[in-house]
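Undergrad: To start, I am sharing the structure in question, which I have written as structure tokens.
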Amino acid sequence: MMPFQGPEEPAPRHVRRLVLIIDADPAFRRMAGQALASEVDCRAAETIDDGLEILDQRDPDLVIVSMDGADAPHAGDIEALRFAGYEGPILATSARVSLGFAVEAMRAGASDVAGKPVSGPDLVRRVGKLIEAERAPARPRRTGGRDATDFEGFIGASAAMTEVYEQIRRIGPSKAPVFVTGESGTGKEVTAQAIHTHSGRPATRFVALNCGAIPKDLMESEIFGHVKGAFTGATEDRAGAAELADGGTLFLDEICEMDLALQTKLLRFIQTGEMRRVGDTRTREVDVRFVCATNRDPRADVAAGRFREDLYYRLCVLPIHLPPLRRRGDDVLCLAEAFLGRFSAEEGRHFRGFDPAAAQIVARYSWPGNVRQLQNVIRRLVVMHDGEHVTAPMLPLALAHGSQPAAAGTAPATSTVGDLRPSVEPFWVQERRIIEEALAAFDGNLSRAAAALEISPSTIYRKRESWAREGLQQAG
């Protein structure tokens, strides 16, 4: 039996889920109806027009629709369903499944794809998973004003983020790879975790790996594992991230930092589903859903020869772009208030909100470091101050002036808000800014940036790993 009824609000016993089947093949309609009959009510339609008539009478919980056209799979019927206002899950089927078919179906609005012939048990499993995924999370509403939407770790109800939520809901149940892009600090790992949550895969099988924080000579071992004696220091057999994520999701952050030679091995792994530990002669089959992310333009890296074009197209089947905080409107204050409440409780402070002047400063600042920067600013503010409301003098000087952080080497201005003492940035803030600016100046080339700064590349690796770890701890 499929667990269609969720634990929180079980449907009354006399109410059954409705599945609409739209397919010109009478044999498929009959098979699907018989397979699902014990679990849901089924309505069948031969054409999309007949299906839309049924849709006018009752909104189904799921639609199974064929993409088999006269010559090739096409997504017109899926688009017609969405245009008619249907917002539930759609299972697209075709006798000619391919990567192009999956991409076209997902872009049109399908939640999952299945190749024909499909067995009755497999159809029951897919339908059950899609209906459960639809019932479990609350659908984010398109609200205005300052009402925050809490969606899988995200906060905010801006139109830009609501679109991201919808994308996550739609592509979560798919097996296709996802490529997340966006500036640093916009929440790429939170996105990957949300996709995994909506995938139906085991909650514990989510493994994240930062490709920019690990030396390239260790990266292969981190992904694929190694056997004892494979290299100096390999004192025992060790499973890599891919095996640890078997049956779940493997998240590769900063994927564009990966060495070209390793990109070739990753491509083969994606194509075959087989991998080999470093130093091993035996191949292993691993089933993972790939989610990758970068804060750079991957197409520019492809054009420059730093990232394999074939690997990019293998990974970028379902793209998601995260908007920077400066384009999220009222989400800025929603996030600031949420962080203020969380950190005040942690630190034993008594803040209840922002006064009008402080709120205006926070809302107008451009936040080049995005959500991560906002989070760090609010945490530091809570540690250093207390009161009922955050006031303008409590905010850092750069925010109070509505300016960007000073460039490296620029003398800090004197404060005109609250006191006359010079505003001094913490050492780690200056250090991080200098390193990130050096990396940007050399297009992400760590070795050249390290040489220019006259420090070792391993120093940059360690510091970036520490910053990433600190950001995750604060995000949690």
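Readers should treat all values here as calculations from the given coordinates under stated rules, not as data from a laboratory. On a predicted model such as this, the values are computed, not experimentally measured, just so you know. Cβ atoms come from the backbone with ideal geometry, glycine included; neighbour counts cover every protein chain shown.
Undergrad: Within the set of other residues whose C-beta is less than 9 Å from the C-beta of Arg277, count the net charge using Lys and Arg as +1 and Asp and Glu as -1.
TA: Details: positive: Arg238, Arg276, Arg282, Arg284; negative: Asp237, Glu243, Asp280.
Neighbourhood net charge equals +1.
Undergrad: Does the stretch 166-294 come out rounded, prolate or oblate, given a ≥ b ≥ c as the square roots of the eigenvalues of its C-alpha gyration tensor, rounded meaning a/c under 1.5 and, failing that, prolate meaning a/b above b/c?
TA: Details: a/c = 2.08, a/b = 1.55, b/c = 1.34.
Note, shape of the stretch 166-294 comes out prolate.
Undergrad: Could you give the nm distance between label points at Lys116 and Ala452, where each point is 7 Å from its Cα heading toward the beta carbon?
TA: Output for this residue pair reads 5.8 nm.
Undergrad: Counting only DSSP beta bridges with both residues in the stretch 172-321, tell me the antiparallel percent, nearest 5.
TA: On the way: 5 of 23 bridges.
The answer is about 20 percent antiparallel.
Undergrad: If a/c stays under 1.5 just call it rounded; otherwise compare a/b with b/c (prolate if a/b is bigger, oblate if not). Do that for the stretch 18-135, with a ≥ b ≥ c from the square roots of the Cα gyration tensor eigenvalues. Walk me through the numbers on the way to the answer.
TA: Numbers: a/c = 1.27, a/b = 1.11, b/c = 1.14.
In terms of gyration-tensor shape, rounded.
Undergrad: Continuing with this model, one more query. Which cross-chain or sequence-distant (5 or more) residues have an amide H under 5 Å from the amide H of Arg289, H modelled 1.01 Å from N in plane?
TA: Under 5 Å from the amide H of Arg289 lie the amide H atoms of Gly248, Thr249, Leu250, each far enough along the sequence or on another chain.
Undergrad: Next up: So which lysines can Lys175 reach, going by Cα to Cα under 19 Å and dropping same-chain residues fewer than 8 places off?
TA: Qualifying lysines at Cα under 19 Å: Lys116, Lys129, Lys188.
Undergrad: Follow-up. Could you list which residues have their amide H under 5 Å from that of Gly225, counting only those 5 or more apart in sequence or on another chain, with H placed in the peptide plane?
TA: Gly240, Ala241, Val278
Undergrad: Could you go through the stretch 127-132 in sequence order and give the Karplus-derived ³J(HN,Hα) for each residue, using 6.51 cos²θ - 1.76 cosθ + 1.60 with θ = phi - 60°, rounded to whole Hz, and x for Gly and Pro?
TA: 5, x, 5, 5, 5, 5
Undergrad: Please compute the length gained on full extension between Glu388 and Arg96, using 0.36 nm multiplied by the number of residues separating them and subtracting their Cα-Cα distance. Intermediate values should be presented prior to the final figure.
TA: Working: separation 292, 0.36 × 292 = 105.12 nm, distance 6.31 nm.
My answer for the length gained is 98.8 nm.
Undergrad: Please rank Lys116, Lys228, fewest neighbouring Cβ atoms within 10 Å first, as an exposure proxy. Numbers along the way, then the final one.
TA: On the way: Lys116 14, Lys228 11.
Ranking Lys116, Lys228 by Cβ neighbours within 10 Å, fewest first, gives Lys228, Lys116.
Undergrad: If you average the C-alpha positions of the stretch 169-207 and of the stretch 218-271 separately, how far apart do those two centres end up, in angstrom?
TA: One Cα centre to the other: 19 Å.
Undergrad: Separate question: Within a 10 angstrom radius of the beta carbon, how do His350, His196 rank from fewest other beta carbons to most? Write down the numbers at each step before the final one.
TA: On the way: His350 9, His196 26.
With the fewest neighbours first, His350, His196 line up as His350, His196.
Undergrad: Counting other C-beta atoms within 10 Å, which of Asp310, Asp112 has the fewest, and how do the rest follow?
TA: Values: Asp310 13, Asp112 27.
So the ranking, lowest neighbour count to highest, is Asp310, Asp112.
Undergrad: What is the stretch 207-249 by shape, rounded, prolate or oblate, if you read a ≥ b ≥ c off the alpha carbon gyration tensor as root eigenvalues and call it rounded for a/c under 1.5, prolate for a/b larger than b/c, and oblate otherwise? Before the final figure, lay out the partial values.
TA: On the way: a/c = 3.36, a/b = 1.28, b/c = 2.61.
Oblate is the answer for the stretch 207-249, as a/c is 1.5 or above yet b/c matches or exceeds a/b.
Undergrad: Additional query: I'd like the FRET efficiency for Thr283 and Leu260, computed as 1/(1 + (r/R0)^6) with the beta carbon distance as r and R0 of 22 Å, rounded to 0.05. Before the final figure, lay out the partial values.
TA: Details: r = 22 Å, r/R0 = 1.01.
In this case the efficiency is close to 0.50.
Undergrad: Using the basic label-point model (7 angstrom from Cα toward the beta carbon), what is the Ala159 to Arg342 distance in nanometres?
TA: Those two pseudo-labels are separated by 2.8 nm.
Undergrad: Let me ask another. Using amide H atoms built 1.01 Å from N in the peptide plane, name the residues 5+ places from Arg352, or on other chains, whose amide H lies under 5 Å from its own.
TA: His389, Val390
Undergrad: Another question about this same structure. Under a Cβ-only charge scheme (Lys and Arg +1, Asp and Glu -1), can you give me the dipole magnitude of the stretch 242-388 about the Cα centre, in debye to the nearest 20?
TA: Approximately 260 debye in magnitude.
Undergrad: Quick one: if the Förster radius is 30 Å, what FRET efficiency do Ala239 and Arg125 give, using the C-beta to C-beta distance and rounding to 0.05?
TA: The formula returns an efficiency of 0.60 here.
Undergrad: In nm, give the distance between the simple-model label positions of Arg432 and Leu218, each being 7 Å from the Cα along the Cα-to-Cβ direction.
TA: For Arg432 paired with Leu218, the spin-label model returns 2.1 nm.
Undergrad: Moving on. What is the extension gain from Ser466 to Glu53, computed as 0.36 nm multiplied by their sequence separation minus the C-alpha to C-alpha distance, in nm to one decimal? Write out the running numbers ahead of the final one.
TA: On the way: separation 413, 0.36 × 413 = 148.68 nm, distance 5.75 nm.
In short, 142.9 nm is gained.
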